[in-house]
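Only the coordinates and a few stated rules stand behind these numbers; no lab work does. Note that the coordinates shown come from a computational prediction; the quantities given were computed from them, not determined experimentally. All Cβ positions, even for glycine, are placed from backbone atoms using ideal geometry, and neighbour counts span all protein chains on display.
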Amino acid sequence: MASIDTLTLPLDQTSAADLAASGLEYARVDADGDGFRPFQRAVARGFLGGESTDDEAENARTTLRTRRLTAVYDRRGVEPEVPVGTIDSWASELTTSPGRTTALWSISAVTVAPTHRRRGIARSMIGGELRTAAAAGFAVAGLTVTEATIYGRWGFSPAAWASDVEIDTGRARWTGPTAPGRLDFVPRDAVVQRLSAVHERVRVQRPGSVPGWDGRWRGVAGLAPGDKSAEKVRAVSYRDADGDETGILVYTIDERDDFSSHDLDVRAIFAVDGEASAALWRFAIEHDLVGRVKAWLQPAVPPVQWMVADRRAVKATLTDHHWLRILDVPGALTARRYAAGLDLVLRVTDPLGFAAGAWRLHVGADGEAEVAAVDGDPAADVELTVGALGSILLGGVRPTELAQTGLVSGAVEALADLDRTFAPESTPLLDIWY
């Protein structure tokens, strides 16, 4: 799909009319206009944050200038300029197979004021985003969620999982490989550029990943205004024997009462290959005066578990992280490579209508798919919800597992064929929030 400026897309008129009928106003917000600070205030309230300072607002503005900021207003309120609903969105990319990406309509900052719940605000905002994205030709929308009970009603479903990891360094004892390259501390003013460079190499090889952006990396590096731990942020890079920088670790040390057993909090750890990963994890685990290493958004089964003497010294708490919503079945299913040939008819149920219908999916010996709508009322080999289709898209969950929940149905042979075909080249992971 050609690059598209989402800021030029019109406001969804269905949502505008629905909200107007409830006495509410649906409007775009200009990041450089007077409405930006009230928009930020509403977002902060929604995520239980404090009021932003001028510096913090300006820092956010640099990122949000390129995003579609949309708000819902109750002009009869005490603060008519402060939205009672917020959402922002932008065009991004989703890695679907190693080295392969597709356009992604990314959604963030979804809030509804507690004073205005159950008035259809979230329904109108998210519905408006999906209709706008579909009309613009996006096959997939995505988001990361703080609450897992909200987004299923709009057809979103988890497609990539991640683990929060804690390592007891006293029990772990390194048994993994010894990397032949070198580690060096990174100057603060170089962290953003080097984070971006390594992450870009990593994310295009990992299904479920999306690009980072300057504001995200500035936050990781402790360069964003208001970061109370900024002065504690350190970064270490790994260069292989040829001098290629293939990994970076950004962390802080959180002091505990036991001076010999502090916490090392990983802000980011990105590694292009296993060599760099081993070098950075060993550095963290063997760091002086550290009793516990904590990291977020790691693989579902963290490879570091295989590099220490006591696997149970590594606690991994699994959570759903990247939720996808399919808007165009042919566009989504042809965006990745597959592990085996296949020819069958899928029937997709979608209450919102975007993906509903019967679709013939043919995958050739080369792993490339062809998808076509099937007219009439054909017999389907497999039936599934649009949420289930989003979950299996990247191979993060097996169709046979979802068949046990009733979200997928079909003959045993057809489901086994789907399992084989959708098996991923690499386990999906999203390693940032957006």
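Once the piece of chain linking THR149 and SER409 is laid out straight, how much longer is it, given 0.36 nm per residue of separation minus the C-alpha distance between them?
Details: separation 260, 0.36 × 260 = 93.60 nm, distance 2.35 nm.
Here the answer is 91.3 nm.
Got a sec? How would GLU25, GLU231 order by Cβ neighbour count within 10 Å, fewest to most? Can you show the working numbers first?
Values: GLU25 15, GLU231 9.
Least crowded to most crowded, the residues run GLU231, GLU25.
For a Förster distance of 22 Å, can you work out the FRET efficiency between the beta-carbons of ARG123 and ARG75, rounded to the nearest 0.05?
Taking R0 as 22 Å, the efficiency between ARG123 and ARG75 is 0.65.
Restricting to DSSP H runs of at least four residues, report the calculated mean residue ellipticity at 222 nm for the chain, -39500 (n - 2.57) per run over all residues, nearest 500 deg cm²/dmol.
Values: 12 runs with 110 residues, N = 434.
Helices in the chain give a 222 nm mean residue ellipticity of -7000 deg cm²/dmol.
Sorted from largest down, give the three principal axis spans of the alpha carbons of segment 222-264, whole angstrom values.
Per principal axis, max minus min of the Cα coordinates gives 42, 30, 10 Å.
Sort PHE156, PHE283, PHE47 by Cβ crowding within 10 Å, fewest neighbours at the top.
On the way: PHE156 25, PHE283 19, PHE47 10.
Final ranking by Cβ density, sparse to dense: PHE47, PHE283, PHE156.
Over the Cα atoms of segment 223-378, what is the Rg over Rh ratio if Rh follows Kirkwood? Please report the intermediate quantities before stating the final value.
Numbers: Rg = 23.1 Å, Rh = 19.9 Å.
With Rh from the inverse mean 1/r over Cα pairs, Rg/Rh is 1.16.
If you average the sequence gap of Cα pairs under 8 Å that are 6 or more apart and divide by the length of segment 1-139, what percent do you get for the contact order? Before the final figure, lay out the partial values.
Details: 207 pairs, mean separation 38.3, N = 139.
Relative contact order of segment 1-139: 28 percent.
Averaging sequence separations of C-alpha pairs under 8 Å and six or more residues apart, then dividing by the length of segment 346-432, give the relative contact order as a whole percent.
Numbers: 117 pairs, mean separation 21.1, N = 87.
Normalised by residue count, the contact order of segment 346-432 is 24 percent.
Report Rg (one decimal) and Dmax (nearest whole number) for segment 194-252, counting Cα atoms only, units Å.
Calculated on Cα positions, Rg and Dmax stand at 12.8, 39 Å.
Taking 0.36 nm per residue of sequence separation and subtracting the Cα-Cα distance, how much length would be gained by fully extending the chain between ALA309 and VAL204, in nm to one decimal? If you can, show how the numbers build up before the last one.
Details: separation 105, 0.36 × 105 = 37.80 nm, distance 3.19 nm.
This chain segment gains 34.6 nm when fully extended.
Counting Lys and Arg as +1 and Asp and Glu as -1, what is the net charge of the other residues whose Cβ lies under 15 Å from the Cβ of VAL412?
-4
Given 0.36 nm per residue, what is the gain on full extension from LEU183 to PHE259 after removing their alpha carbon distance, in nm? Spell out each step's value before the answer.
Values: separation 76, 0.36 × 76 = 27.36 nm, distance 2.50 nm.
Gain on extension, LEU183 to PHE259, equals 24.9 nm.
What Rg and what Dmax come out for segment 328-422 when only alpha-carbon atoms are used, in angstroms?
11.9, 34
Which of HIS116, HIS322, HIS362 comes first, and how do the rest follow, when ranked by fewest Cβ neighbours within 10 Å?
Details: HIS116 18, HIS322 29, HIS362 13.
Fewest-to-most Cβ neighbours within 10 Å comes out as HIS362, HIS116, HIS322.
Using the Cα atoms as the points, what is the convex hull volume per residue of segment 6-155 in Å³?
Values: hull volume 19.3 nm³, N = 150.
Convex hull volume per residue, Cα atoms: 128 Å³.
log₁₀ I(q)/I(0) of segment 131-200 at q = 0.21, 0.27 Å⁻¹, via Debye over equal Cα point scatterers, no solvent, to two decimals?
The calculated log intensity ratios at q = 0.21, 0.27 Å⁻¹ are -1.09, -1.21.
Say each of SER3 and ALA379 gets a label point 7 Å from the Cα, pointing the same way as Cα to Cβ; how far apart are those two points in nm?
Between SER3 and ALA379, the label points sit 5.0 nm apart.
I want to check the label-to-label distance for LEU318 and GLU93. Put each point 7 Å from Cα in the C-beta direction and report it in nm to one decimal.
3.0 nm
Distance in nm between label sites at THR349 and ARG171, each 7 Å beyond Cα in the beta-carbon direction?
4.5 nm
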